[in-house]
C-alpha cells in the first residue's frame, strides 16, 4: 500500500510542532519529512533526524539539479524538501507529514495533487500573540515579525483541504489523527467564526 502525503501549515505559535510530535505517536505508519537546511546545527540536533545540514553551495547545487519539491529562504537560511526522500517513504507505505508554510504547500500541491493539506489555526490572534510572548525567548522585533508572518499564513488557510482549530490540544490532536486515519468525516465542526478570526489579521 502506498502512503499519503499530508501537508501541515500553521502560523508560528499555533502549536504545530507539538501536535505533529503527538500525532506521530498516535499514527505508527506516519513519519515526518526531514528537510535540508543551510542553517547551523543547534545543540542537541542530529543530522538526518532533525534536518539534513548542508552548506549553501551544496543547497544551491541541489536547487539547480531539481532535487527539491519546494524550498524557501527564511531569515537568511535555506530550507528544502527532497522529492526523492518523500517519494521513497510514500512508496514504502509510510504516510509523510510535511511541515511547510502556505507558499510551500501551494507548490507541493501543484506537483503532488493527491496530497492532503491541513491548516492549523489558533483560537484567536490575541491568543497567538500570548503564546509567542510566553516563550520568553524572542525580542519585541522578532515577535512583531512573527505576528506579521502569522497573519499572512492565516489569511491563506482556506487553501487547505482541512482546517483544525488548536483551541484544545487533545481535541486538535484527535482531529488530526482522524484525518490521517482516513476518517475525516468524524472531525468536529470548526468551532470558530472563520471570517471574524481572519478579520483580526488585517
**Message:** Give all pairs with beta carbons closer than 7 Å in which a residue from region 81-99 that is without any contact (Cβ under 8 Å) to a residue 40 or more places away in the chain and at negative phi meets a residue that is surrounded by fewer than 18 Cβ atoms within 10 Å (Cβ to Cβ) and not in a helix (DSSP H, G or I); count only pairs at least 6 apart in sequence or on separate chains.
**Reply:** 83/67
**Request:** Go through region 176-189 and give me each residue that's touching a strand residue (DSSP E or B) at 6+ places or on another chain (Cβ under 9 Å) and either surrounded by fewer than 10 Cβ atoms within 10 Å (Cβ to Cβ) or more than 18 Å from residue 95 (Cβ to Cβ) (or both).
**Result:** 188
**Item:** Filtered residues of region 12-51 (kept if within 20 Å of residue 177 (Cα to Cα), in a loop (DSSP other than H, G, I, E, B) and under 16 Å from the mean Cα position of the chain (by Cα))
**Value:** 14, 15, 33
**Subset of region 111-125 [outside any helix (DSSP H, G or I) and either surrounded by 13 or more Cβ atoms within 10 Å (Cβ to Cβ) or at pLDDT below 90 (or both)]** = 112, 115, 116, 117, 118, 119, 120, 121, 122, 123, 124
**Residue within region 126-135 that is within 22 Å of residue 7 (Cα to Cα) and assigned to a helix (DSSP H, G or I) present** = yes
**Request:** Run down 108, 192, 96 and say which single residue is buried (at least 17 other Cβ atoms within 10 Å of the Cβ) and not in a helix (DSSP H, G or I).
**Result:** 96
**Asked** Restricting attention to region 81-92, does a residue exist that is out of contact with any helix residue (DSSP H, G or I) (no Cβ under 6 Å at 6 or more places or on another chain), surrounded by fewer than 19 Cβ atoms within 10 Å (Cβ to Cβ) and under 29 Å from residue 167 (Cα atoms)?
**Response** no
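Matching residues to (1) surrounded by fewer than 18 Cβ atoms within 10 Å (Cβ to Cβ); (2) in contact with a strand residue (DSSP E or B) (Cβ under 9 Å, 6 or more places away or on another chain):
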residue	(1), (2)
6	no, yes
31	yes, yes
58	yes, yes
64	yes, no
72	yes, yes
**Request:** Scan region 137-174 for residues that are in a loop (DSSP other than H, G, I, E, B), out of contact with any helix residue (DSSP H, G or I) (no Cβ under 8 Å at 6 or more places or on another chain) and closer than 25 Å to residue 73 by Cα and jot them down.
**Result:** 137, 139
**Request:** State whether one or more residues within region 151-172 are closer than 17 Å to residue 15 by Cβ, exposed (fewer than 14 other Cβ atoms within 10 Å of the Cβ) and in contact (Cβ under 8 Å) with a residue 60 or more places away in the chain.
**Result:** yes
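The values are calculated or read from the model by the stated rules, or taken from the named source; none is laboratory data. Quick caveat, the model's predicted, so the values are computed rather than measured. With ideal geometry, Cβ positions are generated from the backbone for all residues, glycine too; neighbour counts draw on all protein chains shown.
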